[in-house]
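*Asks:* I have a structure I would like to understand better, so I am pasting it below and will then ask my questions one at a time.
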Amino acid sequence: MLMSSSHFRIAMPTLKKPIEDMQYILATDVGSTTTKARFFQKKDGMWRFYVAGEAPTTVEAPYEDVTLGVQNAVREVEELTGHKLLSPDGSGLIIPYDGKQGVDLYCTTSSAGGGLQMMVAGLIKNMTAESANRAALGAGAIVMDVIARDDGRQPYVKIQRIRNLRPDMILLAGGTDGGAGQHVMEIAELIKAAEPKARLGASYKLPIVYAGNKTIRKDIEGLFKDEFALDIVDNIRPTLEVENTEPARRAVHELFMEHVMSHAPGYNNLMKWTDIPIMPTPAGEGMAMQLIADTFKMNVLGVGLGGATTNVYSVIEGRFVRSVSANLGMSYSVTNVMKEAGIPNIMRWIPFKIDEEDVASRLMNKMIRPTTIPQTLEDLIVEHAVAREALRLGLQHHRTIATRLKGVQTQRTISDMFEQAIEDSYVKMMTIDVIAGTGGLLSHAPRRVQPMFILSDAWLPEGVTRMFQDSVFMMPHLGVTSTVYRDAAWSIFDKDCLLRIGTSIAAVGTAKLGDPCMTVELTMPDGTSQKEEIKFGDIKLIPLGESKEAKAVIHPAKAFDVGEGPGKQKEATVIGGIAGILLDARGRPLYIPTDDAQRRDLLYKWLSALKLYPEDPLKELVK
Amino acid sequence: MTTKKHEAPKSEKNDDKESGEAHAYTPGLKVKRALTIEKLRRLPIPGEVLHKVGEKVNYDTKVARTEISGEPEIVKVAMVLGVEAEDMMRFMLKKVGDKVKMGENIAFYSALWGLIKKNVPSPKDGVIESISEVTGQVIVRGQPIPIEVEAYLPGTIVNVIPRGGAVIQTHGAFIQGIFGIGGEVHGEIKVVVSGNDEVVSPEKIGPDCKGKVLIGGSLVTLDAMKKAAEVGASALVVGGVRHQDLTTFTGQEIGVAITGQEEVGFTLIITEGFGKMNMSATTFKLLKSFEGYLACVNGATQIRAGVLRPEIIIPHEEKVEEKGDTFAMGMVPGTPVRIIRQPYFGAIGVVDSLPVELQAMESESMVRVLTVKLHDGSIATVPRANVEIIEE
């Protein structure tokens, strides 16, 4: 079962106007550098995106009040529309809309000040600690470390680590209900001995969520109640066979509001402004991904490729999992992508000769001046190369998290318990129906076919996969809006946010360059037929407009699979988009020649075939 | 859909711009000849402030101190004695709050008329913090660790935050770098190159560089960094460094720019960027004019969640009429700027015009641009995001 949006609600909020009477909605995202306002309007009975406003976030000194940034972003919306939204006395927004001014609903997400940073602890690394990790990630947190009894570190090393972390919150799990509690208490005592300090100042009582063995709750309470803000919830693993992350996740979310947000500068005011609780940005983004899965009834793999982090979301057969790779990003963390991936892995995506040191210097310079943008084609291609690696590593990380069913109580067998290895991930590309991307680099790509190709290279979709794209970065805004007004959120999402880029048809297998790979027979919307014979190593784009459908009969060669097994024909309805239908016969795994000249030639061939970049400057570069 | 950028709001609390506290990203680096500089020297946890407002301090004067709790050590007493956790109290020689010495027995077990004896010695000097009858663990808390905060700048205490720290005020030159490694150091300024375009090679660094803040030109080589560390230079300030050289020298690849804790022998500050890049002529000239002066240098850089740039502060008494805050005024035709991205990376000029319309770049990105009149008289069109204001 797919989790409904109600799972994220803390309590049903009291709205100032019934949702059916609403005319205007304002949503903001208070990001770490920019506060982004999105203004929505009901026009002719239909909810649409109206206008955007942006301003620097004001969480840091000397401002130290996020509402200043929110006001600036909203003021820009006012200037652009002539529609008054802010109260003249600076006390917030005019709610509800009175026929002339104001807005009927205001909601916001936030990742300012580094978002929700958590430490997770459990008894066994691959069991309770892993479940706790999934619960924290699902609540929108950045997990700074996972402490477990068997994590291979000496107690003094763990204590040092906890002392240095300065988390916003700790989630402690461990043991099954009724089992021996001694070992869980050992972990608890270790945490207390380390005297973890909260990131947000000395007056802040660090929240701890205890979601472990219920028989030792009294001992846990005795240990923590004086120095910590303790919240005890149902066991995350009541028995070995059951994982129950929902109560812990809900508690994390509530404590985020009560403790973390209320201690961040200006948030006490911002909380008064909003009609519904503030949500961590990744939680909003995750809800948007779930909205896609829920509406299309499809398996979705999504990504928010940001400046500092890469968030990957999967909704597969109703199971929603989020991972956040805290140091994989396109500006602040761009050199960490280089460090994690290695320069050769970045270089393999560049179709022209360039020195490794030159690429490294460019990326270091981007990291120290993160707001710059590529002016030259050469720079754009280098950034796109890094993006592929950030996405590839992000998915690799996601697969280590998406190993088991989560959320609602899930039955497992004992034999499953000891097989939680990386390869155990259920995220298989052949089962993914939709890939969706958001974040600056993908949303602002000069040509819409670029994100499609970047995502294809990085994630290697298999079989038939639709590709979506956030138009102007409003997935978090729509995610939080959907918690109270799903229909409005979906209407805007569908019409103004979710760009349909196209559909990818990719065959799994390898062969020699030029060998037959697949034949695709397309019956186009106007009834005409088109037959494409694609050879191994080729890629081709067939134009098919947005919301246009074509019937495809795919005949893979003997060594290739498009979803029905090697050599077996597949029939599918493919839907067009801004780019069209991508026929991808470059192999899975992707074939990239080891010889440098051959590699550059082949890359150039692919880039030219898709008209990925302007022709003349590209030709000049690869010369 | 229309999107444009606002300037960050001006704040009344604008007095800590040079305080070293993180603040919103500013597209420009400060290079000021004479400025009143204030630094908040704060304790990590409440403690004692050692000086009063009006007192003079030197850079190494201790202005505040506190103690953080000592390192805890977990002793598995019940397990060592071979008894149940709930029976452990019978064998404890010490109770919660007792002071213990390293090696002193904290628990003792005897059985079979004394034939079997087991001791549990304390692993360190400290205090018994807790005895758990659930886990059988005893926590011995080590001696408190003293923390002292030095003034960093020679100057006057102008404000005291009770139990928190003090604000030191001085007058001097203030120069921000773009990236640094290593923490706070002090030393006399020594220029080791003849021009801002000259590379710092090892032969330019001799024994007389010990304890000095060295000023270089366009690049420092790997061997020169090794030599600077070998002779004991305090700091090295230079236009650029190669990524691979820095990685080899520090022994680690920089992933995210949160620095200041590195211990590589000296503090390195680059003023322009990675690669060979001439130090800005203004910066070089300013540093050269203070040769022989004491410089207070900090390489700590943080680019995420608030920006902290490395800095060189040169206290002096020379009074110069200060211009207004160029950053607060924003860019107007005539504002001096540095281009910070290809294809004009490092070029310096003045703003020629600020067209309102979006323009397509070679990358096909549609962006707001500005035109810059370069030193050779040519005009370059670049995205507004790709320049930073130079304060002169």
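Read the figures in this text as sums done on the coordinates, not as results from a lab. Note that the coordinates shown come from a computational prediction; the quantities given were computed from them, not determined experimentally. All Cβ positions, even for glycine, are placed from backbone atoms using ideal geometry, and neighbour counts span all protein chains on display.
*Asks:* In debye, nearest 20: dipole of the protein assembly as shown around its Cα centre with unit charges on the Cβ of K, R (+) and D, E (-)?
*Replies:* Dipole of the protein assembly as shown, to the nearest 20 debye: 600 debye.
*Asks:* Please work out, to two decimal places, the log10 of the ratio I(q)/I(0) at q = 0.19, 0.22, 0.29 Å⁻¹ from a Debye calculation in which every Cα of segment B:326-390 carries one identical scatterer.
*Replies:* -0.65, -0.87, -1.39
*Asks:* For B:Lys124, which lysines qualify as cross-link partners when the Cα separation must be under 17 Å and same-chain residues fewer than eight apart are set aside?
*Replies:* Result set, ordered by chain and number: B:Lys76, B:Lys94, B:Lys95, B:Lys99, B:Lys101.
*Asks:* Give the long-range amide H neighbours of B:Ile161: residues separated by 5 or more places, or on another chain, with amide H under 5 Å away, using H modelled in the peptide plane at 1.01 Å from N.
*Replies:* B:Ala166, B:Val167
*Asks:* For segment A:158-204, what ratio Rg/Rh do Cα atoms give with a Kirkwood hydrodynamic radius?
*Replies:* Result for segment A:158-204 is an Rg/Rh of 1.05.
*Asks:* Please give the contour-minus-distance gain from B:Ser378 to B:Asp197: 0.36 nm per residue of separation, less the Cα-Cα distance, rounded to one decimal in nm.
*Replies:* So the extension gain works out to 63.0 nm.
*Asks:* For a 30 Å ceiling on Cα separation, which of these pairs sit above it: A:Lys297/A:Lys495; B:Lys227/B:Lys285; B:Lys52/B:Lys190; A:Lys339/B:Lys32?
*Replies:* Result: B:Lys52/B:Lys190; A:Lys339/B:Lys32 exceed 30 Å.
*Asks:* Something else now. Placing +1 on the Cβ of each Lys and Arg and -1 on the Cβ of each Asp and Glu in the protein assembly as shown, which of B:Val140, B:Asn105, A:Pro277 has its Cα farthest towards the positive end of the resulting dipole?
*Replies:* Among B:Val140, B:Asn105, A:Pro277, the one farthest towards the positive end of the dipole of the protein assembly as shown is B:Asn105.
*Asks:* Can I ask one more? Between B:Glu263 and B:Glu188, what FRET efficiency comes out of the Förster formula 1/(1 + (r/R0)^6) with R0 = 22 Å and r the beta carbon distance, rounded to 0.05?
*Replies:* So, using R0 = 22 Å, E works out to roughly 0.50.
*Asks:* Next up: Kindly give the semi-axes, whole Å and largest first, of the ellipsoid equivalent to segment A:271-331, taking each as the square root of 5 times a Cα gyration tensor eigenvalue.
*Replies:* Sorted largest first and rounded, they come to 21, 19, 8 Å.
*Asks:* If you take the Cα atoms of chain B, find Rg, then find the Kirkwood Rh from the mean of 1/r over all pairs, what is Rg/Rh?
*Replies:* Taking Rg over the Kirkwood Rh, I get 1.13.
*Asks:* Please enumerate, by chain and number, the aspartates and glutamates with C-alpha under 17 Å from the C-alpha of A:Lys619, excluding those fewer than 8 residues away in the same chain.
*Replies:* Qualifying aspartates and glutamates at Cα under 17 Å: A:Glu378, A:Asp379, A:Asp601, B:Glu362, B:Glu364.
*Asks:* Follow-up question, since we're still on this one. Among the lysines, select those whose C-alpha is under 22 Å from the C-alpha of A:Lys568, and discard any that sit fewer than 8 residues away in the same chain.
*Replies:* A:Lys428, A:Lys512, A:Lys531, A:Lys535, A:Lys540, A:Lys551, A:Lys558
*Asks:* Can you give the Rg to Rh ratio of segment A:115-267, both from alpha-carbon atoms, with Rh computed by the Kirkwood formula?
*Replies:* Ratio value, two decimals: 0.93.
*Asks:* Which value, to two decimals, describes the C-alpha radius of gyration of segment A:42-118 once divided by 2.2 N^0.38 Å?
*Replies:* Dividing the Cα radius of gyration by 2.2 N^0.38 Å gives 1.24.
*Asks:* Report, to the nearest 10°, how far helix A:128-138 tilts away from the longest principal axis of the Cα atoms in chain A, using its own Cα long axis and a range of 0 to 90°.
*Replies:* 70 degrees
*Asks:* What ranking do A:Thr35, B:Thr221, A:Thr523 get, fewest neighbouring Cβ atoms within 10 angstrom at the top?
*Replies:* Going from least to most buried by this count: A:Thr523, B:Thr221, A:Thr35.
*Asks:* Moving on. Just subtract the alpha-carbon distance of B:Asp98 and B:Glu362 from 0.36 nm times their residue separation and send over the number in nm, one decimal.
*Replies:* 87.7 nm
*Asks:* Something else about it: Over segment B:72-143, one equal point on each Cα, no solvent: what is log10 I(q)/I(0) by the Debye formula at q = 0.18, 0.24, 0.26 Å⁻¹?
*Replies:* Cα-only, vacuum Debye calculation for segment B:72-143: -0.60, -1.01, -1.16.
*Asks:* Give the dimensionless ratio obtained when the Cα radius of gyration of segment A:284-395 is divided by 2.2 N^0.38 Å.
*Replies:* This ratio for segment A:284-395 stands at 1.18.
*Asks:* Quick check: residue separation of A:Asn268 and A:Phe352 times 0.36 nm, minus the Cα distance between them. What number comes out in nm?
*Replies:* Between A:Asn268 and A:Phe352, full extension yields an extra 25.0 nm.
*Asks:* Assigning unit charges at the beta carbon (Lys, Arg +1; Asp, Glu -1) and nothing else, what dipole magnitude in debye, to the nearest 20, does chain B show about its Cα centre?
*Replies:* 420 debye
*Asks:* May I have the count of lysine pairs in segment A:156-275 with C-alpha atoms under 25 Å apart, counting pairs 8 or more residues apart or located on different chains?
*Replies:* 18
*Asks:* I need the Debye-formula profile for the protein assembly as shown: one equal scatterer per C-alpha, no solvent, reported as log10 I(q)/I(0) at q = 0.07, 0.10 1/Å, two decimals.
*Replies:* These q points yield log10 I(q)/I(0) values of -0.68, -1.36.
*Asks:* Here's something else I'd like to know. Any idea what % of Cα-Cα pairs in segment A:207-337 are farther than 22 Å?
*Replies:* Result for the distance tail: 56 percent.
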